1. Quick check: net charge around Arg41, other residues with Cβ under 15 Å of its Cβ, Lys/Arg +1 and Asp/Glu -1?
2. Sequence neighbours fewer than 8 away in the same chain don't count; with that in mind, list the lysines whose C-alpha is under 17 Å from Lys20.
3. Pairs of Cα atoms under 8 Å, at least six residues apart: use those to get the relative contact order of region 1-58, whole percent.
4. What is the mean projected area of the alpha carbon convex hull for region 1-58, to one decimal in square nanometres?
5. Lysines near Lys61 by alpha-carbon distance under 25 Å, same-chain residues fewer than 8 away left out - which ones?
6. Below 15 angstrom from the Cβ of Lys28, what's the summed charge of the other residues (Lys, Arg +1; Asp, Glu -1)?
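Laboratory data are not the source of any read-out in this text; all were calculated from the coordinates shown. Computed from a prediction, not measured in an experiment: that's the story for all the values here. Every residue, glycine as well, gets a Cβ built from its backbone with ideal geometry; the counts of neighbours run over all protein chains shown.
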Amino acid sequence: MSSRIEQLIDEIEEYIDSCKYQPLSNTKIIVNKEEIDELLRELRMKTPDEIKRYQKIISNKEAILNDARAKAEALINEATIHTNELINEHEIMQQAYAQANEVVTMATHQAQEILDNATIEANNMRMAAMQYTDGILANVENLMNQTMKTTRDHYESFMNSMNQYSDIVNANRVELNPPEPDTFTGELPDLDEEDEGVSVDMI
């Protein structure tokens, strides 16, 4: 179908969609007869002869199918008769036919056996590959766990050393900046009974 035909179909659909509904109806529309006739006229003019031929073939498809079916059956019957005549005429051909069937059967069995063996071998190789890969992954996992443990131990040892160094640095700072002694508040300490006779000047 040409592009112009597709355009015409789109134009017809757009035109129908743009038409107004008749009063009190949701299905019937008001159509301009001249406009729709013009679109349909152009659509008919643009329809290729090939489409018309296909439409004629489709309309006669039953007759065509029946004719083709009859011809096919006639060919099959003719081939069957010819084959049977050849087989019946020559016993050697009959034996050859039987031998051919036997060869085909043996080849089929051998092919199935080869396929079965190949499948078993492939499954074994797959299992071996999976086991080998799993072993490698297990070694990697163990190595990672050991590495993580070693790193954690080194980190804890490093933090302990840093805490010790921090304590030493703090002690050194305290030695460099000793705290100031308490200043005299002006109050005298309480005297015991034995020291009641002591004067202030002696203190």
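1. For residues surrounding Arg41, the net value is -2.
2. Lys28, Lys33
3. 41 percent
4. Average of the hull's projected areas for region 1-58 equals 4.9 nm².
5. Lys46, Lys52, Lys71
6. Net charge in that neighbourhood comes out at +1.
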